[in-house]
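J.: Shown below is the structure under consideration.
The values are calculated or read from the model by the stated rules, or taken from the named source; none is laboratory data. Worth saying up front: this structure is predicted, and the values here are computed from it rather than measured. Glycine also receives a Cβ, built like all others from the backbone with ideal geometry; neighbour counts cover every protein chain displayed. These accessible areas exclude ligands, DNA and RNA; they are computed on the full protein's heavy atoms, side chains included. Shrake-Rupley method; radii C 1.70, N 1.55, O 1.52, S 1.80 Å.
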Amino acid sequence: MFIQTLVTGLAIGGIYALMAVGYSLVFSILNFSNFAYGSIIMLGAYIGYYVLMHMGVPLALSVLISIVGAALLCFANERLAYSTLRKRNASSLYFMISAMGTSIFLENLVYATIGSRFYAFPEVLTQQNVSFGGVSLGLLDVFAIVFSAVAIYGLHYFLQNSKTGIAIRAASYDMQVCQLNGVNVNKVIGWVFLLAGALAGISGMFLGMKYMVYPTMGWITNKAYIAAVIGGLGSLPGAVVGGLILGVLETFVSAYVSSVVRDVFSFSLLVILLLVLPTGLFGKFLEEKV
Amino acid sequence: MLEYVSGIITFSLIYVIATVGLAVFTGFTGLFSLGHAAFFAIGAYTAGILTYFYDVNFWAALAAGVAVSSLVGVLIGYPTLRAKLRSDYFAIATLGFGEAVRVLLENLDITQGARGLPGIASETTLPIVIVFTVLVLWVARNFVHSRYGRAAIAVREDFVAAEMMGINLFQVRMRSLVFSAGCAGLAGGLFAHYVSFIQPGMFTAALSTQLTASVVAGGMGSITGPTVAAVLFVAVPEALRMASMWRLVAYGFLLVAIMVFRPQGLFGFREISWQSCVRCFRKKPAAAGGGAGQ
């Protein structure tokens, strides 16, 4: 029972980690909460569902299309809603409201055009179980764990070794100095949003397959914010650890206490954590900088 | 028809009360709350439960609603404001608080969970709401022009400088937060006794966003701007009811457009007053719309 709960928790935690990394990536560069991220995830799931079910594209390819689509959407989101604010050096409050507006816009656009119906992926993946060592696990969960790990490792490798990755890391420390050293910050930020969007595409596909595809499914990113806060906003290793911790804790609470308390638990954890440990496990800043 | 119009006015004014409260907080201290629906819900449920289960007098229940949501404001504000959280952290903390309150309301026995409270006595009338709106506007105006209000503006503009001038950041922010929580509670109590049915699903993050959006769209640092925006955000969707899905699309679009093209809000710092109407009229005789033309 204990091991089983732990493994199930890790599977959910993997998706949380994926979303939290995408969210933290944007936060580390632009220092604001990208509330539009949930809608990008939702649209990624819709794109994946559409190409899989209506165009007869195989699953692996439809995941890829969803990744590309979400990445482009996230990029367009930045260019349309944030880039002017960025050039004006607006405070993060304005970014947040713009992000909020984007999220309301996209969510209701889906309501108005596609409708509020719930769409379920075919139950090929979700029904199969794998068991090893007395622990049984859905094939989808195995995929989620493996895929999240691969995606996060890939991102890590990219950030550590590629030229763009180094520029992104430099910009997250100090945008101005980075610019002075000849980095095209505009391009770097574009890359950040493309990467975050790609992660949104993957997590959207997994969420859609695990639960369903519907307009408000982006709500789950609230959990990603919590995960990011646990790890420390803007810290990528923190987001991974925070996502896994949150996933495991939530699963334990719903297994041993009750599933009703689960969400109250997560949100209370958020508020308490912000009070006791506002920097999270790996965070760097505490108070507003001048 | 008359009843319908007066209904819309009542709703608009109830939202105005909550928005003005939030305008004093967000607009004058610069902190961004994403959980004000929770205060609204606490006011609505406190007042609703008191009249529904305990037959308490309407006015006493209303006062209790204000008191409880102000108290919760103190409880949530004390640790978060004391810790001087960055504005992002504060926004996420209030988001978490709002969701936690909603989930709690869905699972408590006294609130009857997701079924809600049907058949609360219908006590709120248009004159009552008008009186309260005027009262809240008057208090907010006095607050803004008082020493406290000026301190709050100083904090919003540059809190490091303000703190060096001897302004107690925590106190200033706390005072505004409690005032806004109280206003939201009052609006909630009036709302519960107007629609006579409340359920947790009415107080989602969408409501918090609407309140914050009214403040931002109306202009941070203005009282009348958010008032007009709040009325518009309730009345215009009502008028465009047939396009009910698209109005929210337009609303999201509007928020982004305001941030991109007119970040100071529709009215900026300006207040709409008799003088500004006259001034506007003289400058541009073509703009017959009055103060709203600017």
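J.: Could you list, in sequence order, all residues of region B:132-170 that are at pLDDT 85 or above, open to solvent by 50 Å² or more (accessible area, probe 1.4 Å) and touching a Leu at 6+ places or on another chain (Cβ under 9 Å)?
T.: Within region B:132-170, none qualify.
J.: Also: Which residues, counting only those in region A:1-23, are under 14 Å from residue A:143 (Cβ atoms) and aromatic (Phe, Trp, Tyr)?
T.: none
J.: Which residues, taken from region B:79-103, are open to solvent by 20 Å² or more (accessible area, probe 1.4 Å) and either modelled with pLDDT under 85 or touching a strand residue (DSSP E or B) at 6+ places or on another chain (Cβ under 6 Å) (or both)?
T.: Passing the criteria: B:79, B:82, B:83, B:84.
J.: Could you grab me the full set of residues in region B:153-184 that are small (Gly, Ala, Ser), outside any loop (DSSP other than H, G, I, E, B) and either over 25 Å from residue B:135 (Cα atoms) or out of contact with any helix residue (DSSP H, G or I) (no Cβ under 8 Å at 6 or more places or on another chain) (or both)? Walk me through how you get there before you give the answer.
T.: So the first thing to find is which residues in region B:153-184 are small (Gly, Ala, Ser), and the list is B:154, B:161-162, B:166, B:176, B:180-182, B:184.
Then drop every residue that is not outside any loop (DSSP other than H, G, I, E, B), which leaves B:154, B:161-162, B:176, B:180-182, B:184.
Of everything in region B:153-184, those that are small (Gly, Ala, Ser), outside any loop (DSSP other than H, G, I, E, B) and either over 25 Å from residue B:135 (Cα atoms) or out of contact with any helix residue (DSSP H, G or I) (no Cβ under 8 Å at 6 or more places or on another chain) (or both) turn out to be B:154, B:161, B:162.
J.: Sort through A:109, A:73 and tell me the only one that's facing chain B (nearest Cβ under 9 Å), open to solvent by 40 Å² or more (accessible area, probe 1.4 Å) and in a helix (DSSP H, G or I). Quick ask: steps written out before the conclusion?
T.: On the way: A:73 fails: facing chain B (nearest Cβ under 9 Å).
Every option except A:109 fails the conditions.
J.: Considering region B:113-125 alone, what residues qualify as being surrounded by fewer than 18 Cβ atoms within 10 Å (Cβ to Cβ) and either modelled with pLDDT of 85 or more or under 30 Å from residue A:219 (Cα atoms) (or both)?
T.: Let us first name the residues in region B:113-125 that are surrounded by fewer than 18 Cβ atoms within 10 Å (Cβ to Cβ), namely B:113-115, B:118-119, B:121-122, B:125.
Matches in region B:113-125: B:113, B:114, B:115, B:118.
J.: Now, a different point. Just to be sure before I move on: is residue B:37 free of Cβ contacts under 8 Å to residues at least 40 places away in the same chain, within 24 Å of residue B:223 (Cα to Cα), outside any loop (DSSP other than H, G, I, E, B) and within 19 Å of the chain's Cα centre (by Cα) in the structure I sent? Step through it out loud before you land on a result.
T.: Values: free of Cβ contacts under 8 Å to residues at least 40 places away in the same chain: no; within 24 Å of residue B:223 (Cα to Cα): yes; outside any loop (DSSP other than H, G, I, E, B): yes; within 19 Å of the chain's Cα centre (by Cα): yes.
In short, no.
J.: Quick check on region A:242-290: of everything there that is facing another protein chain (nearest Cβ under 8 Å) and part of a loop (DSSP other than H, G, I, E, B), which residue is modelled with the highest pLDDT?
T.: By that ranking, first place goes to A:260.
J.: Also: So which residues in region A:156-180 are of a type in the set (Gly, Ala, Ser) and not in a helix (DSSP H, G or I), if there are any at all?
T.: The initial filter retains those residues of region A:156-180 that are of a type in the set (Gly, Ala, Ser), namely A:162, A:165, A:167, A:170-172.
The one that is of a type in the set (Gly, Ala, Ser) and not in a helix (DSSP H, G or I): A:162.
J.: Taking the stated definitions as given, is residue A:144 open to solvent by less than 30 Å² (accessible area, probe 1.4 Å) and either within 30 Å of residue A:210 (Cβ to Cβ) or of a type in the set (Phe, Trp, Tyr) (or both)? Break it down stepwise before answering.
T.: Working: open to solvent by less than 30 Å² (accessible area, probe 1.4 Å): yes; either within 30 Å of residue A:210 (Cβ to Cβ) or of a type in the set (Phe, Trp, Tyr) (or both): yes.
Answer is yes for this residue.
J.: Condition check: hydrophobic (A, V, I, L, M, F, W, C), within 19 Å of residue A:155 (Cβ to Cβ) and within 14 Å of another protein chain (Cβ to nearest Cβ). Does residue A:196 satisfy that? Working first, answer last.
T.: On the way: hydrophobic (A, V, I, L, M, F, W, C): yes; within 19 Å of residue A:155 (Cβ to Cβ): yes; within 14 Å of another protein chain (Cβ to nearest Cβ): no.
Against the criterion (hydrophobic (A, V, I, L, M, F, W, C), within 19 Å of residue A:155 (Cβ to Cβ) and within 14 Å of another protein chain (Cβ to nearest Cβ)), residue A:196 does not qualify.
J.: Just one of A:239, A:255 is hydrophobic (A, V, I, L, M, F, W, C) and within 15 Å of the chain's Cα centre (by Cα); which is it?
T.: A:239
J.: So residue B:51 passes all but one of these: (1) open to solvent by 10 Å² or more (accessible area, probe 1.4 Å); (2) under 20 Å from the mean Cα position of the chain (by Cα); (3) farther than 21 Å from residue B:228 by Cα; (4) touching a residue at least 40 places away in the same chain (Cβ under 8 Å). Which condition number does it fail?
T.: (2) is the only condition that residue B:51 fails.
J.: If the requirement is being outside any helix (DSSP H, G or I), within 11 Å of chain B (Cβ to nearest Cβ) and either open to solvent by 60 Å² or more (accessible area, probe 1.4 Å) or closer than 18 Å to residue A:27 by Cα (or both), which of these qualifies: A:131, A:116, A:103? Give the derivation first.
T.: Details: A:131 fails: within 11 Å of chain B (Cβ to nearest Cβ); A:103 fails: outside any helix (DSSP H, G or I).
Only one candidate qualifies: A:116.
J.: Shifting gears a bit: Regarding residue A:183, is this residue assigned to a loop (DSSP other than H, G, I, E, B) and open to solvent by 10 Å² or more (accessible area, probe 1.4 Å)? Walk me through it before giving the result.
T.: Details: assigned to a loop (DSSP other than H, G, I, E, B): yes; open to solvent by 10 Å² or more (accessible area, probe 1.4 Å): yes.
In short, yes.
J.: Please go through region A:71-108 and pick out each residue that is more than 20 Å from the chain's Cα centre (by Cα) and under 22 Å from residue A:179 (Cβ atoms).
T.: Taking region A:71-108 first, the residues more than 20 Å from the chain's Cα centre (by Cα) are A:80, A:83-91, A:93-94, A:108.
Scanning region A:71-108 gives A:83, A:84, A:85, A:86, A:87, A:88, A:89, A:90, A:91, A:94.
J.: Something else: Taking the residues in region B:6-33 that are outside any helix (DSSP H, G or I) and more than 11 Å from the chain's Cα centre (by Cα) as candidates, determine which candidate is surrounded by the most Cβ atoms within 10 Å (Cβ to Cβ).
T.: Within region B:6-33, the match that is surrounded by the most Cβ atoms within 10 Å (Cβ to Cβ) is B:32.
J.: Right, next: Just checking, how many residues over region B:89-119 are facing chain A (nearest Cβ under 9 Å) and on the phi > 0 side of the Ramachandran plot?
T.: 0
J.: Return the residues of region B:53-88 that are outside any loop (DSSP other than H, G, I, E, B) and within 10 Å of another protein chain (Cβ to nearest Cβ); say none if nothing qualifies.
T.: Initially, region B:53-88 is screened for residues outside any loop (DSSP other than H, G, I, E, B), giving B:53, B:58-82, B:87-88.
Hits for region B:53-88 are B:76, B:78, B:79, B:80, B:82, B:87, B:88.
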